[in-house]
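For reference, the structure discussed in these notes is given below.
No lab work stands behind these numbers, since they all come straight from the coordinates. Computed from a predicted structure; not experimentally measured. All Cβ positions, glycine included, derive from the backbone under ideal geometry; neighbour counts span all protein chains shown.
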Amino acid sequence: MPQSQLVFTYVHQGVLDDPGAFHGTARILTTLKAAGEQWTFGLFPASVPAFLAERGLGLDEDVGADDYRALYFGRAAAAMRGYAFYRIACVHVSEHASMPPNHRRQRRRGDAPAA
């Protein structure tokens, strides 16, 4: 059976702890504030594997914005300035994942009736 996969973006926790540590943070935080929004959650990249494991997920890849710009734009990425605090994580459902006791799977068309 194929594994379920998930790709998500997140912000580096350091941007919440010390906004001055990353280029462009002041600008985006001002924009968020003007929209009545704020970031309340981030992760340190080193803590992502444990965070995922607690949720039955395994990390396949975790890439920062500078890295994925270099991957897709090559040498031109060196001249690009962006939000280095954005990251992309590619994950899979662990073979040993279990659903919380109160989890109910949605029945789909074609499923056998529950016993």
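Points to keep in mind about this one:
- Charged neighbours of residue 91, selected by a Cβ distance under 11 Å, balance to -2 (K, R count +1; D, E count -1).
- Kirkwood Rh and Cα Rg combined as Rg over Rh, evaluated for the range 1-101: 1.04
- Calculated FRET efficiency, residue 67 to residue 4, Cβ-Cβ distance, R0 = 22 Å: about 0.30 to the nearest 0.05.
- Computed about its Cα centre, the charge dipole of the range 31-95 is approximately 400 debye, with only Lys, Arg, Asp and Glu carrying charge at their Cβ.
- Subtracting the Cα-Cα distance of residue 95 and residue 46 from 0.36 nm times their residue separation leaves 15.4 nm of extension gain.
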